[in-house]
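> The structure is given below, and queries will be raised subsequently.
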Number of protein chains: 2
Amino acid sequence: MTRQRKTILEIIKTSNEHMTAEEIYLKAKKVMPSIAMGTVYRNLGLMTEAGEIRRIPIPDSPDRYDKSVKPHEHMVCQECGEVHDVFIDGLLEYLRQSTGAEITGYDLNLRFICENCRRKDTIQGHR
Amino acid sequence: MTRQRKTILEIIKTSNEHMTAEEIYLKAKKVMPSIAMGTVYRNLGLMTEAGEIRRIPIPDSPDRYDKSVKPHEHMVCQECGEVHDVFIDGLLEYLRQSTGAEITGYDLNLRFICENCRRKDTIQGHR
DNA sequence: ATACATGCAAAGAATTTGCAGCTTG
DNA sequence: CAAGCTGCAAATTCTTTGCATGTAT
């Protein structure tokens, strides 16, 4: 484990956001200005494969990285793009039963409007 | 509605596959050799917005286009990439209830191994 | 030492866009 | 004819990769 990998992992594990590779790169650069984008992507790939972090693909948006590897889902605000975690117990079982297929995994993105954006919308609506 | 849009729509509506933009482009080119990739993408975008067809984003794979606009899910074979349709009644309601959030929509990709690939795997396993 | 990781820069894949000219209603 | 669409090519965005050098064990 190199200095750069440790730095990247640290950034992810201490953040509560779901950051893009670029956001992680920028944070890493503050601590280690010589780090390269390629290094960030390579390490994100390796750590994802190793099961240390989780990669979250989101349609029409760069992938995010999640410090938590425990099964949970993601709600993406359709206005600001923020990603929230949400737990749905037994979802895999539900999907297997309702499809009747041996589902080996899935990607799920839920869309919603977060509190912040809902508030803004309301205010604008009243103008 | 132009000749090219009609051609593209026709290709999608008469196919049973879930084609990528490029596959659609190649089929269109056979009928109308002068058609441009940009035209295909533009029309796919317009027709998706208009609700005539559906766009299916799949992680690490180009988007596919679906002739059916009725709610249904997609199972992607993790070996060959083929996309199958599957209906899950009441899934949106289920997701709303189990998250407790006003889910406005979602993208779901189920992973599985299709019959063909399962067969191949078994044969290879016996060698 | 030696195996692997880095920085850099170039390449890649998928998709979008600017623009001048052509179609369609 | 006006509005919108096309073909072409260049541009964008996100991510991967080749390679010479550097680093960890």
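What follows draws every value from the coordinates through simple rules; no lab data is involved. These numbers come from a predicted model, not from an experiment. Positions of Cβ are generated from backbone atoms using ideal geometry, with glycine treated the same way; all protein chains shown enter the neighbour counts.
> Across the range A:25-42, which residue is surrounded by the most Cβ atoms within 10 Å (Cβ to Cβ) among those that are near DNA strand D (Cβ under 10 Å from one of its atoms) and part of a helix (DSSP H, G or I)?
A:40
> Taking residue B:90 as meeting all but one of (1) surrounded by fewer than 14 Cβ atoms within 10 Å (Cβ to Cβ); (2) within 16 Å of DNA strand D (Cβ to nearest atom); (3) within 12 Å of chain A (Cβ to nearest Cβ), write down the number of the exception.
Single failed check for residue B:90: (2).
> Turning to a different aspect of this structure: So residue A:83 ticks every box in (1) surrounded by fewer than 13 Cβ atoms within 10 Å (Cβ to Cβ); (2) in contact (Cβ under 8 Å) with a residue 60 or more places away in the chain but one. Which box is left unticked?
So residue A:83 meets the others, but not (1).
> Further question: Looking at A:53, A:58, A:103, which one is facing chain B (nearest Cβ under 10 Å), touching a Phe, Trp or Tyr at 6+ places or on another chain (Cβ under 6 Å) and either crowded, with 18+ Cβ neighbours inside 10 Å or not aliphatic (A, V, I, L, M) (or both)?
On inspection, the qualifying residue turns out to be A:103.
> So if I check each of A:85, A:63, which one is assigned to a strand (DSSP E or B), more than 8 Å from chain B (Cβ to nearest Cβ) and over 30 Å from residue B:114 (Cα atoms)? Give the derivation first.
Numbers: A:63 fails: over 30 Å from residue B:114 (Cα atoms).
Answer to the check: A:85.
> From the residues in the range A:8-20 that are under 18 Å from residue A:69 (Cβ atoms) and not in a loop (DSSP other than H, G, I, E, B), which one is farthest from DNA strand D (Cβ to nearest atom)?
A:13
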